[in-house]
Amino acid sequence: MAAHRQRFIQGAVANGVAADKAASIFDLMEKFGGYGFNKSHSAAYALIAYQTAYLKAHFPVEFLAALLTSEMGSIDHVVKFVAECRSHDIPVLPPDINRSFKEFTVDGNRIRFGLVAVKNVGEGAIDAMIDARHERPFASLFDFCERVDLKKANKRVIESLIKCGAFDSIGQHRSQMMGVLDLALDYAQRVQKERCGPSGGSSTGLNVRSP
C-alpha cells in the first residue's frame, strides 16, 4: 500500500482532488487494507463466532476435541490447542493402541489424543490397527505385531507408537519394547506367513503363540 500512496495522490490531484483530501482518503484505504472485508462477510464471521462461543461455553470437551481434530495436520496448532485444554482443566490423554482412533475423541470429561497427529503414523496403519483390535484388545507388543498387517504398520510406525506412549497401557517399558521390536517383527512375519500358507490361502499349519 505504501508504494502506491504517491501514485494515488498524484492521480487524484490530476483529476481535481485536493492533495490533502487525497492523502486522507488513502489513509482510510490503507487502514482498511490491513484486515478488512464487507458487511456481509462481517455478519458471517459474527455468526460463526457466536456459534463457537456457545459450543465452547456449554460443550468445552467436545468443542476442543473437534478443534484439535481440525488442526491435527499441524503440530504447532496441536500444541497450542492442547495448552488451551490444560488452561480449562481438560486433560488430554496420551495415544493408546487399544483406545485411540484417528481423530481426537471424547473420553468422559477428557480428550483422547488422535493417532493421525502422531508423527510417522499414517491413516492406513491406523485403519489396520483398529480392524485388528475389534475382536479383543492388544495384550502385548508381540500380540500387536502378530495381528496387525505389517505391510501397513511397519517398523517405523511401531517405533513411533512406542516412543509416543501408545503402548504404555499394556504395562511394558518403552526401552524393553524398543529392544525386542526386531524379534517381535520377525516372529510376527513368520506367523502371518504360516497363516496365509504358500498359496495365499488359510493355513492349517503350526499354531504359534506369542512369547
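The values are calculated or read from the model by the stated rules, or taken from the named source; none is laboratory data. Just so you know, these numbers come straight off a predicted model, no measurement behind them. For neighbour counting, all protein chains shown are included, and Cβ atoms are generated from backbone atoms with ideal geometry for every residue, glycine included.
The figures follow:
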{"quantity": "Criterion: modelled with pLDDT under 95, surrounded by fewer than 17 Cβ atoms within 10 Å (Cβ to Cβ) and either closer than 19 Å to LEU161 by Cα or of a type in the set (Asp, Glu) (or both) - qualifying residue of GLU62, GLU30", "calculated": "GLU30"}
{"quantity": "Filter result for the condition that a residue is at positive phi, more than 14 Å from the chain's Cα centre (by Cα) and not basic (Lys, Arg), over ASP107, ASP131, ASP89", "calculated": "ASP89"}
{"quantity": "Candidate set: the stretch 85-110, residues that are hydrophobic (A, V, I, L, M, F, W, C) and assigned to a strand (DSSP E or B); chosen: the one surrounded by the most Cβ atoms within 10 Å (Cβ to Cβ)", "calculated": "VAL92"}
{"quantity": "Given (1) of a type in the set (Gly, Ala, Ser); (2) buried (at least 18 other Cβ atoms within 10 Å of the Cβ); (3) within 19 Å of VAL191 (Cβ to Cβ), number of the condition SER140 does not satisfy", "calculated": "(2)"}
{"quantity": "Filtered residue count, the stretch 114-163, keeping only those that are among the charged types (D, E, K, R) and touching a residue at least 60 places away in the same chain (Cβ under 8 Å)", "calculated": "2"}
{"quantity": "Selected residue [in contact (Cβ under 8 Å) with a residue 12 or more places away in the chain, within 30 Å of GLU135 (Cβ to Cβ) and not in a loop (DSSP other than H, G, I, E, B)] from VAL82, VAL78, VAL61", "calculated": "VAL61"}
